[in-house]
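Colleague: Here it is: the structure, laid out below.
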Amino acid sequence: MVPILPALNGTITHYTKEAGNTDLLARPLAQAITSIARHNQGDIVCLLNRRGLATTIVCRDCGFIAECTNCRIPYMYEGTKKKLVCRLCNQIGPNLLSCPKCQSPLLAMRGGGTERVAQEIQTLLAGSEYEIHTIDRESDALPEPTGPRCLIGTDALMSQIDWSRVGLAAVLDTDASLARPEFTATANAWHRLTDIRFWLPPTAELYIQ
């Protein structure tokens, strides 16, 4: 993806799991978000086409992964509902207190979606005037802005953004969209990024992680 940097006039950040760092946001992006909020330089938009607090529930002892019985893909964990949910068919998974396979209580949440990003940004923006909103296909429409905002969402957020207010936009986990087994995956990812760059004000920053 490096060749697209000059055309998009954006910054590519790479997530690296450093010692003691389990955040989803790359450190350069986290620092940029903090700087924008400190100087109140516009709305902050973070796009990640995944809901939930965690993308997978894994047993640390035997490696068991909680999967949807219909679709055979890992359940995501929605923290607001405190439920395991299939992102394809919306089947609700069982409440797991221990591993169904080995009975170990050592279950771990891996990965993350928009809920996890919202938690991290809430920490970054603590003490600021920014309101944080998380939007997906099940959310209500955004209220009218009364001050600076941080908008975190899936593609459902795109049509609700007032791009003239945005000071920083970040597209997270871009590699995942490129890894989809679809013929048009690369073209779709590219068009999404160029559309965002087109809508952003000239002074706004674009981060691609």
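The values are calculated or read from the model by the stated rules, or taken from the named source; none is laboratory data. Here the structure is a predicted model, which is why all the values come from computation and not from measurement. Positions of Cβ are generated from backbone atoms using ideal geometry, with glycine treated the same way; all protein chains shown enter the neighbour counts. What goes into the accessible areas is simple: the full protein's heavy atoms, side chains included, and nothing from ligands, DNA or RNA. Shrake-Rupley method; radii C 1.70, N 1.55, O 1.52, S 1.80 Å.
Colleague: Please work out how much length the chain gains when fully extended from PHE198 to ASN40, using 0.36 nm per residue of separation minus the C-alpha to C-alpha distance, in nm with one decimal.
Modeller: 54.7 nm
Colleague: Among residues other than GLY63 whose Cβ falls under 12 Å from its Cβ, what is the net charge (Lys/Arg +1, Asp/Glu -1)?
Modeller: +2
Colleague: Another one. Using only the Cα atoms, work out Rg/Rh for the chain, with Rh taken as the Kirkwood radius, to two decimals.
Modeller: Computed over Cα atoms, the ratio is 0.98.
Colleague: Per residue, how much accessible area does the chain show when a 1.4 Å probe rolls over the protein heavy atoms, in square angstrom?
Modeller: With all protein chains present, the chain gives 55 Å² per residue.
Colleague: With labels modelled as points extended 7 Å from the Cα through the Cβ direction, what inter-label distance (nm, one decimal) is found for TRP163 paired with THR184?
Modeller: 2.0
Colleague: Let me ask something else. What longest range of the chain stays clear of loop-exposed GluC sites (Glu not before Pro) (DSSP non-H/G/I/E/B, at most 14 other C-beta within 10 angstrom)?
Modeller: 19-128
Colleague: Further question on the same structure: Count the DSSP beta bridges whose two residues both fall in the chain, then state the antiparallel fraction as a percent rounded to the nearest 5.
Modeller: If I count the DSSP bridges inside the chain, around 35 percent turn out antiparallel.
Colleague: What value, in deg cm²/dmol to 500, does the helix sum -39500 (n - 2.57) over DSSP H runs of n ≥ 4 give at 222 nm once divided by the residues of the chain?
Modeller: My calculation for the chain gives -6500 deg cm²/dmol from helical runs alone.
Colleague: Under a cut-off of 18 Å between alpha-carbon atoms, report the aspartates and glutamates in cross-link reach of LYS83, not counting same-chain residues fewer than 8 places apart.
Modeller: Straight-line reach from LYS83, under 18 Å: GLU67, GLU115, ASP136, GLU138.
Colleague: Oh, and also: Roughly what angle does helix 27-38 make with the longest principal axis of the chain, taking Cα atoms, 0 to 90 degrees, to the nearest 10?
Modeller: 50
Colleague: In the calculated pair distance distribution of the range 109-171, what percentage of Cα-Cα distances lie above 19 Å?
Modeller: Looking at the range 109-171, the distances longer than 19 Å represent 31 percent of pairs.
Colleague: How much of the accessible area of the chain, in percent, comes from carbon and sulfur atoms when a 1.4 Å probe is used?
Modeller: With neighbouring chains kept in place, the figure for the chain is 52 percent.
Colleague: How far apart, in nm, are two points set 7 Å out from the Cα along the Cα-to-Cβ line at ASP140 and at ALA176?
Modeller: 2.7
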